[in-house]
Amino acid sequence: MSGSKDVAVLGVGMHPWGKWGRPFVEYGVHAARAALADSGVDWRDVDLVVGGETVRNGYGGYVAGATFAQALGWNGARVATSYAACATGAQALDTARARILAGMCEVALVVGADTTPQGFLAPNAGERWDDPDWLRFRLLGMTNPAYFALYARRRMDLYGATPEDFARVKVKNARHGLENPHARYRKEVTVEDVLTSAVVSDPLHLLDICATSDGAAAVVLTSTDYARRRGVSSPVRINAISTVTPTFPNTVLDMPNLSTDSSLVAGAPERTFKESIGQAAYEEAGIDPADVDLAEVYDLSTALELDWMEDLQLCKRGEAEALLRAGETAIGGRIPVNPSGGLACFGEAVPAQALAQVCEVAWQLRGQAGGRQVESARVGITANQGLFGHGSSVLLSI
């Protein structure tokens, strides 16, 4: 099943993440040119450009497909634009993959870039009484970190997680990020540093929560036949992309919702939304979670990384803290999580972050990750989650 759905990742590229204050198009062009150079493909041979739509305060802003195509120089390629909040990059990849598998193109360039505002990614001005994202800010003052804190409290109540455990996640990811030239934050921290940083939303401290960043990432996807014709016999392959939505009733609180669905009439689904994201990827690829060598997950907060380890079936429920404490999620451990440094070291650049995860996994599978290399990596999985019910997981192998 997986062989018929594979496409080749022929090139990846990024623009370093930070707060640069430049137009997002500059970042995207930089990442695109880096990915093209990495692939050895000439821009004129690209027949599809898919842009991850850049957002302003949570809402769509720019028609990114055509924007990037024009900035790179019109070459007659088809264009498409995707927007799915933090799952944007995965949807853009899926659009490119679908056209390749349908035989409608052979070479696709997928680009995501953002210039973020200062502070929270809050809704735009105006009244939208049917918009849960607007309502949670106006009615409850529920910024993103408030939700992260609820998820952290849930882990503490269910599994005995401690603030020290959350801090250990940051310490691990900061150590990984030291070796990543694209990361914004490249500084080692201690558990004490995390616990003595300002409390943002109890039990989470400032160093438990990711920042908003400027940055970009790009991927060159091709058919496997095209890769072979170019002499690449064993490319990194995308085996599956999951963009699933939740199943009613959603019995676990999910940002930006204000409550959960009742399961009194319709029983709770077999899997939570986040569990279903990874499961769909495994099923499509025909790959078992036990075969995964590394994971790049959506660590908006340190506590959320622990949730994702279990959602992706990298360990059983309630076991994430034990793996963390034993060093098994660090490079050199059984299942390294966020060897790139994760959002802890990058921050959020919304349309780029799912693509950045794919870049990292591709470098790891090629053995090109330098000082953060996961030894003998053959299979990697990513996980993001977009606001309003957008799943995002990409499973790659070599």
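The values are calculated or read from the model by the stated rules, or taken from the named source; none is laboratory data. The shown structure was predicted, so the numbers you read here are calculated from the model rather than taken from an experiment. Cβ coordinates were reconstructed from backbone atoms using ideal geometry, including for glycine residues, and neighbour counts include every protein chain displayed. The protein model used for the area step is the full one, side chains on, heavy atoms only, and it has no ligands, DNA or RNA in it. Shrake-Rupley method; radii C 1.70, N 1.55, O 1.52, S 1.80 Å.
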* Members of segment 21-46 found to be buried (at least 16 other Cβ atoms within 10 Å of the Cβ), outside any helix (DSSP H, G or I) and touching a helix residue (DSSP H, G or I) at 6+ places or on another chain (Cβ under 8 Å), listed by number -> VAL46
* Only one of (1) at pLDDT 95 or above; (2) closer than 16 Å to VAL350 by Cβ fails for HIS30. Which number is that? -> (2)
* Please work out if ARG334 is over 20 Å from GLY386 (Cα atoms) and in contact (Cβ under 8 Å) with a residue 40 or more places away in the chain. => no
* Structure fact -> All conditions in (1) farther than 30 Å from LEU258 by Cα; (2) open to solvent by 10 Å² or more (accessible area, probe 1.4 Å) are true of LEU387 except (1)
* Kindly indicate which of ALA227, ALA268, ALA280 is outside the structural domain of VAL110 (by TED's automatic domain parsing), of a type in the set (Gly, Ala, Ser) and open to solvent by less than 50 Å² (accessible area, probe 1.4 Å). => ALA280
* Asked: Within segment 143-187, how many residues are of a type in the set (Lys, Arg) and either part of a loop (DSSP other than H, G, I, E, B) or modelled with pLDDT under 95 (or both)?
  -> 3
* Structure fact -> Within segment 69-107, restricting to residues that are charged (D, E, K, R) and part of a helix (DSSP H, G or I), the one that is farthest from ALA31 (Cα to Cα) is ARG99
* **Single condition TYR62 does not satisfy, out of (1) at pLDDT 95 or above; (2) not in a helix (DSSP H, G or I)** => (1)
* Among the residues of segment 121-142 satisfying the criterion of being free of Cβ contacts under 8 Å to residues at least 40 places away in the same chain and not in a helix (DSSP H, G or I), which is most open to solvent (accessible area, probe 1.4 Å)? -> TRP129
* Asked: Just one of VAL219, VAL194 is within 29 Å of VAL394 (Cβ to Cβ), at pLDDT 95 or above, out of contact with any Phe, Trp or Tyr (no Cβ under 7 Å at 6 or more places or on another chain) and surrounded by 23 or more Cβ atoms within 10 Å (Cβ to Cβ); which is it?
  -> VAL219
* **Sole exception among (1) modelled with pLDDT under 95; (2) under 26 Å from PRO339 (Cα atoms) for LEU140, by number** => (2)
* Of all residues in segment 236-262 being charged (D, E, K, R) and not in a strand (DSSP E or B), which is least open to solvent (accessible area, probe 1.4 Å)? -> ASP254
* Structure fact -> Sole miss for ALA211 among (1) within 21 Å of the chain's Cα centre (by Cα); (2) crowded, with 23+ Cβ neighbours inside 10 Å; (3) among the aliphatic types (A, V, I, L, M) is condition (2)
* To do: Examine segment 325-334 for a residue that is surrounded by 21 or more Cβ atoms within 10 Å (Cβ to Cβ) and within 14 Å of the chain's Cα centre (by Cα), and state whether such a residue exists.
  => no
* Give ALA320, ALA281, ALA266 a once-over and let me know the one that is under 23 Å from GLY389 (Cβ atoms), of a type in the set (Gly, Ala, Ser) and in contact with a Leu (Cβ under 7 Å, 6 or more places away or on another chain). => ALA281
* Pick from segment 78-114, criterion within 16 Å of the chain's Cα centre (by Cα) and among the charged types (D, E, K, R), ranking: surrounded by the fewest Cβ atoms within 10 Å (Cβ to Cβ) -> ASP94
* **Extreme residue, most open to solvent (accessible area, probe 1.4 Å), among residues of segment 283-298 that are assigned to a loop (DSSP other than H, G, I, E, B) and among the β-branched types (Val, Ile, Thr)** => ILE287
